[in-house]
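Here is the structure we will look at, set down as structure tokens.
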Amino acid sequence: MILFPAVDIKGGKCVRLKQGKAEDVTIFSQDPVQAALHWTASGAQWLHVIDLDGAFQGEPVNFDIIRRICHETRTPVQLGGGVRDLQTGQRYFEAGVSRLIIGTMALEDKQGLQAICSAYPGRIGVSLDADQGRLKSKGWVQDSGLRIEQVLPELEKIGVAFIIYTDIHRDGMQTGVNLAAVEALLNRTELPVIVAGGVTNLDDIQQLAPLEAKGLSGVITGKAIYEKTLDFAQALHWLSGR
């Protein structure tokens, strides 16, 4: 199970939002590249990088910063935010991104999703971001009218490589992970699942770890490691020692 440190970029800075709300922002670093280098030095196997401006605007905004992260850290990057066509995906792969996370396009443009999955097999994941079970799109500001169970079968058929599940209600709130929802998702799909939203401390990692046997492949942590309620190196050590 991989522990992904989150590097969320907004206005050229490394930030965290509460429940994805653009107006509820905390700046943790003026330099996202330095933040990424810090987590790499702390032992990160992967970096979870999100262009928040891109997610809200529907196109890459912090492209140059993300390219620098890829080249300066040499750590594999999974990137999301503003990837809504094949051309944008190609630019990011050429910039050094290892795999992409698709959100809005997965819910609104199945042909586009099919095209990018076919062009880059094994490298495209879909972010399922749910608030009270309903999936959100366009940077979590629009209700898609869909639920996870409605979209999963088609995503599997299209050839998506992995799923990222975020409980929006808990994201950035440090209220613990929604274990029941995670387990329900794992029971519905054979795809590897990465979970985000609510991670607070090592207890959350320890509670999630047994779900690896059911297909949980990773956990994303952001606010907890920046506010030091979760010691990133300690969590990595615990995971490696199981």
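The values are calculated or read from the model by the stated rules, or taken from the named source; none is laboratory data. Quick caveat, the model's predicted, so the values are computed rather than measured. Cβ atoms come from the backbone with ideal geometry, glycine included; neighbour counts cover every protein chain shown.
Here are a few things to note about the model shown:
- Tally of residues being of a type in the set (Asp, Glu) and farther than 20 Å from Ala44 by Cα across the range 184-223: 1
- Among the residues of the range 188-239, those identified as within 27 Å of Val25 (Cβ to Cβ) and of a type in the set (Lys, Arg) are Lys223, Lys228.
- Only one entry in Glu59, Glu72 is more than 24 Å from Lys136 (Cα to Cα) and acidic (Asp, Glu), namely Glu72.
- Residue that is nearest to Pro32 (Cα to Cα) [pool: residues in the range 71-85 that are out of contact with any Phe, Trp or Tyr (no Cβ under 9 Å at 6 or more places or on another chain) and crowded, with 18+ Cβ neighbours inside 10 Å]: Gly80
- Flag if Ala115 is crowded, with 22+ Cβ neighbours inside 10 Å and part of a helix (DSSP H, G or I): no
- Of the helices (runs of 4 or more DSSP H) that lie entirely inside the range 154-242, not one contains 2 or more residues that are surrounded by 18 or more Cβ atoms within 10 Å (Cβ to Cβ) and touching a Gly at 6+ places or on another chain (Cβ under 7 Å).
- Flag for Gly122 being farther than 30 Å from Ala235 by Cα and at pLDDT 95 or above: no
- Residue in the range 179-213 that is nearest to Tyr165 (Cα to Cα), counting only those that are over 16 Å from the mean Cα position of the chain (by Cα) and of a type in the set (Gly, Ala, Ser): Ala181
- Yes/no for Arg91 being out of contact with any Ser or Thr (no Cβ under 7 Å at 6 or more places or on another chain), surrounded by fewer than 23 Cβ atoms within 10 Å (Cβ to Cβ) and farther than 30 Å from Pro153 by Cβ: yes
Residue-wise test of (1) of a type in the set (A, V, I, L, M, F, W, C); (2) more than 22 Å from Thr104 (Cβ to Cβ); (3) in a loop (DSSP other than H, G, I, E, B); (4) at pLDDT 95 or above.
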site	(1), (2), (3), (4)
Phe28	yes, yes, no, no
Gln34	no, yes, no, yes
Thr40	no, yes, no, yes
Ala44	yes, yes, yes, yes
Ile50	yes, no, no, yes
Ala55	yes, no, no, no
Ile65	yes, no, no, yes
Thr75	no, yes, yes, yes
Gln78	no, no, no, yes
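- Counting the residues of the range 85-112 that are closer than 21 Å to Ala6 by Cα and assigned to a loop (DSSP other than H, G, I, E, B) gives 4.
- Scan the range 118-127 for residues that are under 20 Å from the mean Cα position of the chain (by Cα), surrounded by fewer than 23 Cβ atoms within 10 Å (Cβ to Cβ) and not charged (D, E, K, R) and the total you get is 3.
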